[in-house]
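J.: The following block contains the structure, expressed as structure tokens.
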Amino acid sequence: MPVEKSQRLLNLVIGLSSTRHRLTRDQIRDTIEGYEPLPYGASDEERRKAEQSFERMFERDKKELRELGVPIETVEDPVHGDEIGYRIRPAEAAMPALDLTAAELAVVSIATDYWRGAVLGGDAQRTVMKLASSAEHGPRVELPFAALPSVASEAFGTLVEAVADRQTVRFEYSSVSSGAGTRTIDPWRVVLRAGIAYVIGFDRDREAPRTFRIQRIGGKVRTVGDTGAYAIPKDIPLGALAESEDVSTARVAVRPESGHALRRRGTPAGVEDGWDLYDVAYAHGDSLVAEVLALAGGARIVEPKTLADAVVRAATAALEVEHG
Amino acid sequence: MAEHATDRLVRMLGILTYVERHGDTPFSELAEHFGVTVAQVQADINALWVASEPGDSWSPIDFSSEAYDEDVASLVRNDGVTQVRLSPREAVALVGALSTMGAAGALPEAGAQLLAKLRDALAEPVTVVGDDQVGAEVREPLVSAIDRYRRVEVEYVDAMDRRSTRIVDPHRLVVIDGHAYLECFCRRAQDYRVLRLDRIASATVLDGAIEHAPTDSAGFSLTPAFRATVRVGRAGRYAVEDMPGVAIEDADDDVVATFDVVDAAWAAGRLLSVAPQLRSVEPKRLADALRRQATAVLDVQR
């Protein structure tokens, strides 16, 4: 009777964890239950076929276990020629004891919903099972919280793995400032900000750290070269993603009963012709201009003049847009 | 058998680790804890039992057969087999979602403890930057009211900058795409509503109990009124890429975005900021709203 795949994977994990030194492919094929040993006295043709089918099966098993987080190491041994061997270090593979409460496990389920249907959905679901092994059993905890699916592209998953593997990536990217083009980067870190995903890395062509918005990546992210190809610096520059410091102050006039967000952020600066004046700190002029425009006459910029002009320019341009 | 082999492997290792940590465990408890049938628990234990080391000479895992006959998992021997750690993708998925809920202001207390435990155990796998400013003075009364089934009075500033005071039956805090919302029944509208947490200026717990229970069907939904198509220069792409249900295609030096519009005035307000890059706006309803807003702006800003 053929051995079920989950059983074979379990035997492979046990075998690679318990070996003193390493197991070669031949040893794996011949001693781990679930793989077919080479038939004794087989013809060359039969041997070749059996070897090919083992190779395919073992490569797939190895890939799936690595995706699961099992660190399968490649061990080369000069004494035994060029043959490659494999092993798992149990201490590195084990889940740390987290001792979760039933309520904490309930939060894990809520958090995994955040990725449902997205590329990390399957990974998130598996965390519930993995963490359940380390959680107390208790009555089901109902929490009045929920998370709803976020959009994450396949590119996001690939970049997360590339960061973990220290592997260079290449992708097509369109940016506001420099148009579309191919970028080659050493990814350092994935950053989430208000539901939007970014990757920070070292841009090989520009020879400087850069931040990329993952949504602007077109097509596939391809890995380039070997794993472990670079080191990730200890302090990663968050740049514009960090909570930006307010650098300038604008005076804004707000119509009574409107501009509540501006009122909350600003400092009152008197009244003028029935409009309330506020001094509002801002980091990016563009976003303050956008905010005032969106209020549709509920606010205007008193100074600086550059921002007031930008408001007029945008509104004037809007009157000239074609419509269908 | 639709189950993926790796999912079953993870559960088998989970059952093994759980029994090792908690001692003898009835099959029924394992079934409940791991969300499967008792028959599946038995099958998983049988599979662990027959697991073998290379050469088939030694079984690293042994259960008591007497206990098994009484539907209890009792571990006699486990030679170092254990649940595997989180993969990089799993760690990012979990820590990312929890931190996003935290940054949005809707992470339950148990979630903060969980996050602290995970951060101790894993190297920080992802950076999450907070953006929404939801103060404890808003979040805490809401959570307390939800827990105690009390009504709350909220002061709310909507996306169109209209300020209102409403009495609501609060149900749940929901995080979607990085922002937190309150699902509730609004007495004034006599309907279920979703209020964005960072637009709630204040919240006061009232004495009265809630009268409208949460419903599964009336949860989070924003019904789009129509779909719009906008052509904008690449430099203005940022203004459309967060629109609901957006699809963006490159077209020479421009992009063409189609997206859902719930409120034409709100969408027009967003488009105004990139008006110099706008090439065309459809349908007429949205173009008219854009024109109206622009005129209103020019009336006050000269």
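The values are calculated or read from the model by the stated rules, or taken from the named source; none is laboratory data. What you see is a predicted model, and the numbers here were worked out from it, not measured in a lab. All Cβ positions, even for glycine, are placed from backbone atoms using ideal geometry, and neighbour counts span all protein chains on display. Please note that ligands, DNA and RNA were not included when accessible areas were found on the heavy atoms of the full protein model with its side chains. Shrake-Rupley method; radii C 1.70, N 1.55, O 1.52, S 1.80 Å.
J.: Select from the stretch B:23-52 the residues that are within 31 Å of the chain's Cα centre (by Cα), at the interface with another protein chain (Cβ under 9 Å from one of its Cβ atoms) and farther than 11 Å from B:V72 by Cβ and list them in ascending order.
T.: B:E32, B:H33, B:F34, B:G35
J.: Can you pull out the residues in the stretch B:221-247 that are surrounded by 20 or more Cβ atoms within 10 Å (Cβ to Cβ) and closer than 30 Å to B:E183 by Cβ?
T.: Across the stretch B:221-247, the qualifying residues are B:A228, B:A239, B:V240.
J.: Could you please find all residues in the stretch A:60-71 being open to solvent by 50 Å² or more (accessible area, probe 1.4 Å) and touching a helix residue (DSSP H, G or I) at 6+ places or on another chain (Cβ under 9 Å)? Before you say what the answer is, go through the steps one by one.
T.: At the first step, the residues of the stretch A:60-71 found to be open to solvent by 50 Å² or more (accessible area, probe 1.4 Å) are A:60, A:63, A:66-67.
Within the stretch A:60-71, A:E67 is the sole residue that qualifies.
J.: Among the residues of the stretch B:86-98, how many are in a helix (DSSP H, G or I) and surrounded by 24 or more Cβ atoms within 10 Å (Cβ to Cβ)? Lay out the reasoning, then the answer.
T.: Step one: list which residues in the stretch B:86-98 are in a helix (DSSP H, G or I), which gives B:88-98.
Checking which are surrounded by 24 or more Cβ atoms within 10 Å (Cβ to Cβ) leaves us with B:89-90, B:92-98.
Residues meeting the conditions: 9.
J.: Quick check on the stretch B:78-85. Is at least one of its residues surrounded by fewer than 18 Cβ atoms within 10 Å (Cβ to Cβ) and touching a residue at least 40 places away in the same chain (Cβ under 8 Å)?
T.: Let us first name the residues in the stretch B:78-85 that are surrounded by fewer than 18 Cβ atoms within 10 Å (Cβ to Cβ), namely B:78-80.
Then drop every residue that is not touching a residue at least 40 places away in the same chain (Cβ under 8 Å), which leaves B:78.
The answer is yes, given that some residue of the stretch B:78-85 is surrounded by fewer than 18 Cβ atoms within 10 Å (Cβ to Cβ) and touching a residue at least 40 places away in the same chain (Cβ under 8 Å).
J.: For the structure I just gave you, tell me whether B:T165 is open to solvent by 20 Å² or more (accessible area, probe 1.4 Å), more than 25 Å from B:H212 (Cα to Cα) and in contact with a strand residue (DSSP E or B) (Cβ under 8 Å, 6 or more places away or on another chain). Spell out how you get there, then give the answer.
T.: On the way: open to solvent by 20 Å² or more (accessible area, probe 1.4 Å): yes; more than 25 Å from B:H212 (Cα to Cα): no; in contact with a strand residue (DSSP E or B) (Cβ under 8 Å, 6 or more places away or on another chain): yes.
In short, no.
J.: Would you please list the contacts, defined by Cβ atoms under 8 Å and residues six or more apart or on different chains, that run from a residue in the stretch A:296-324 that is not assigned by TED's automatic domain parsing to the domain that holds A:G270 to a residue that is assigned to a helix (DSSP H, G or I) and exposed (fewer than 13 other Cβ atoms within 10 Å of the Cβ)?
T.: A:H323/B:K284; A:G324/B:K284
J.: Would you point out the residue of the stretch B:210-220, among those that are exposed (fewer than 15 other Cβ atoms within 10 Å of the Cβ) and at pLDDT 75 or above, that is farthest from the other protein chains (Cβ to nearest Cβ)? Before the answer, list the steps.
T.: Kept after step one, since they are exposed (fewer than 15 other Cβ atoms within 10 Å of the Cβ), are these residues of the stretch B:210-220: B:211, B:213, B:215-217, B:220.
Now narrow it down to the ones that are at pLDDT 75 or above: B:211, B:213.
Values: B:E211: 17, B:A213: 12 Å.
If we take residues in the stretch B:210-220 being exposed (fewer than 15 other Cβ atoms within 10 Å of the Cβ) and at pLDDT 75 or above, then B:E211 is farthest from the other protein chains (Cβ to nearest Cβ).
J.: Sticking with this one: Tell me, please, whether a residue that is at the interface with chain A (Cβ under 7 Å from one of its Cβ atoms), part of a helix (DSSP H, G or I) and surrounded by fewer than 18 Cβ atoms within 10 Å (Cβ to Cβ) can be found in the stretch B:118-127.
T.: Going residue by residue through the stretch B:118-127, those that are at the interface with chain A (Cβ under 7 Å from one of its Cβ atoms) are B:121, B:126-127.
With the extra rule that they be part of a helix (DSSP H, G or I), the set shrinks to B:121.
Narrowing the set further to residues that are surrounded by fewer than 18 Cβ atoms within 10 Å (Cβ to Cβ) leaves B:121.
Looking through the stretch B:118-127, at least one residue is at the interface with chain A (Cβ under 7 Å from one of its Cβ atoms), part of a helix (DSSP H, G or I) and surrounded by fewer than 18 Cβ atoms within 10 Å (Cβ to Cβ).
J.: Being outside any helix (DSSP H, G or I) and either aromatic (F, W, Y) or surrounded by 12 or more Cβ atoms within 10 Å (Cβ to Cβ) (or both) is the filter here; which residues of the stretch A:41-59 pass it? Can you show your working first?
T.: Of the stretch A:41-59, the ones outside any helix (DSSP H, G or I) are A:41-43.
Correct list: A:A42 only.
J.: Could you look through the stretch B:252-270, keep only residues that are among the β-branched types (V, I, T) and over 27 Å from the mean Cα position of the chain (by Cα), and pick out the one that is least open to solvent (accessible area, probe 1.4 Å)?
T.: Narrowing the stretch B:252-270 to residues among the β-branched types (V, I, T): B:255-256, B:258, B:261-262.
Narrowing the set further to residues that are over 27 Å from the mean Cα position of the chain (by Cα) leaves B:255-256.
Numbers: B:V255: 0, B:V256: 43 Å².
Ranking the qualifying residues of the stretch B:252-270, first place goes to B:V255.
J.: Taking the conditions exactly as written (among the polar types (S, T, N, Q), open to solvent by less than 10 Å² (accessible area, probe 1.4 Å) and modelled with pLDDT of 80 or more), does A:T127 satisfy them or not?
T.: Details: among the polar types (S, T, N, Q): yes; open to solvent by less than 10 Å² (accessible area, probe 1.4 Å): yes; modelled with pLDDT of 80 or more: yes.
Yes; evaluated as a whole, the condition is true for this residue.
J.: Here's a follow-up. Could you list all residues from the stretch A:252-285 that are within 13 Å of another protein chain (Cβ to nearest Cβ), surrounded by 15 or more Cβ atoms within 10 Å (Cβ to Cβ) and closer than 23 Å to B:A296 by Cα?
T.: Matches in the stretch A:252-285: A:V252, A:A253, A:V254, A:R255, A:S258, A:G259, A:H260, A:A261, A:L262, A:R263, A:W275, A:G285.
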